[in-house]
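The values are calculated or read from the model by the stated rules, or taken from the named source; none is laboratory data. All figures in this text were calculated on a predicted structure; none of them were measured in a lab. No Cβ is skipped: glycine too gets one built from the backbone with ideal geometry, and neighbour counts run over all protein chains shown.
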Amino acid sequence: MKIKNNSKTELVIQEIGSRLTKKRTEASLTQAALALKADVSKRTIERIESGSSIQLSTLIQVLRVFDMLEALELVLEERSSATKLDKTTKSVNRVGLKEDPEPRVNKSRSWGYDS
């Protein structure tokens, strides 16, 4: 499965588990050996591989074993993310809709009566 932004969270978690299982088997590691290297329980590795939700700190420990932690730098790069966010927020108002090209002026309304 290709992980996409609109993929359901449960499916993404299952895919991550599947990919980590593949990484583990390619590295010729048992679940117990991976657990030992990542300093987590074997049951935690079983949960990851079965697609159960895990803590972020646990994922970091497992990624570190596979020397994959630095890949997060590409995903969470500070400068480019902030630049994209700045460009996006300039054209979006607080409810997430594009702003009107002309600002609205608060006009008092007489509700059909002349004042």
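The table below lists the values:
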quantity	calculated
Residue check, residue 28 of a type in the set (S, T, N, Q) and outside any helix (DSSP H, G or I)	yes
Residues located in region 1-24, provided they are among the polar types (S, T, N, Q), surrounded by 12 or more Cβ atoms within 10 Å (Cβ to Cβ) and outside any loop (DSSP other than H, G, I, E, B)	14, 18, 21
Residue within region 100-107 that is modelled with pLDDT under 95, assigned to a loop (DSSP other than H, G, I, E, B) and touching a Lys or Arg at 6+ places or on another chain (Cβ under 8 Å) present	no
Residue within region 59-80 that is surrounded by 10 or more Cβ atoms within 10 Å (Cβ to Cβ), at pLDDT 55 or above, under 19 Å from the mean Cα position of the chain (by Cα) and hydroxyl-bearing (Ser, Thr, Tyr) present	no
Members of region 9-33 that are farther than 14 Å from residue 68 by Cα and among the aliphatic types (A, V, I, L, M)	11, 12, 13, 29, 32, 33
